[in-house]
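Input: a single structure, listed below in structure tokens.
The values are calculated or read from the model by the stated rules, or taken from the named source; none is laboratory data. Source: prediction; values computed, not measured. As a convention, Cβ positions derive from the backbone with ideal geometry for all residues, glycine included, and neighbour counts pool all protein chains shown. Calculation scope for accessible area: heavy atoms of the full protein, side chains included, ligands and nucleic acids excluded. Shrake-Rupley method; radii C 1.70, N 1.55, O 1.52, S 1.80 Å.
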Amino acid sequence: MRHVIFWLLAGAAFCSSASACEGRVDDWSKSFLSLRTVRGHFDGGPWTASVDRWGGERHQAMQCLAQHASSEAATAAQIAKWMGPPEQRLRCPSVECTAFSATAGNTSEVWVYHWRGAHDRLGFVMTAGRVRAASWAYVGE
């Protein structure tokens, strides 16, 4: 049941962001980068709605960047420009990698960006230097 809820939340996040992702990728990038270093509740800081709330500014910026990067098959250089370096780079195949994609192959890696600390994370499956998919790993409480 917990896995079903996880996938429903993940799907809802991408569907709900489709209509809210108006504007330019540079604007989403600027928003994300300005909030990336803000410590929220899940990073040991105080609750901060813009970074901790579902649909908050950081979450929304990440959803829009993920949607754009996936639809455009963005390059690794573009992702790094828009979001900075990832918090983690996971080699595939591995158990950690499958949390983001069951189909990531031997030549793939996943670039992981934290939304609410390591609690909820966005992963970009990178193959041959391009985004093949983007997906969320939510704790799903």
* To do: Determine if the range 93-100 includes at least one residue that is closer than 25 Å to A20 by Cα and at pLDDT below 95.
  => yes
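Could you list, in sequence order, the residues of the range 41-67 that are assigned to a loop (DSSP other than H, G, I, E, B) and crowded, with 17+ Cβ neighbours inside 10 Å? Walk me through it before giving the result.
Step one: of the range 41-67, the residues assigned to a loop (DSSP other than H, G, I, E, B) are 44-48, 53-56.
Answer for the range 41-67, where residues must be assigned to a loop (DSSP other than H, G, I, E, B) and crowded, with 17+ Cβ neighbours inside 10 Å: T48, G56.
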* Quick check: anything in the range 28-40 without any contact (Cβ under 8 Å) to a residue 40 or more places away in the chain, open to solvent by 70 Å² or more (accessible area, probe 1.4 Å), closer than 16 Å to W136 by Cβ and not hydroxyl-bearing (S, T, Y)? -> no
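Residues to consider are M83, M126; find the one that is within 11 Å of the chain's Cα centre (by Cα) and open to solvent by less than 20 Å² (accessible area, probe 1.4 Å). First the steps, then the outcome.
Values: M126 fails: within 11 Å of the chain's Cα centre (by Cα).
Testing whether each residue is within 11 Å of the chain's Cα centre (by Cα) and open to solvent by less than 20 Å² (accessible area, probe 1.4 Å) leaves just M83.
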* Asked: How many residues, within the range 34-65, are in contact with a helix residue (DSSP H, G or I) (Cβ under 7 Å, 6 or more places away or on another chain) and closer than 17 Å to G123 by Cα?
  -> 7
* Asked: Within the range 90-112, can one find any residue that is open to solvent by 50 Å² or more (accessible area, probe 1.4 Å) and among the basic types (K, R)?
  -> yes
* Asked: Which one of these is assigned to a helix (DSSP H, G or I) and closer than 24 Å to G40 by Cα: W111, W82?
  -> W82
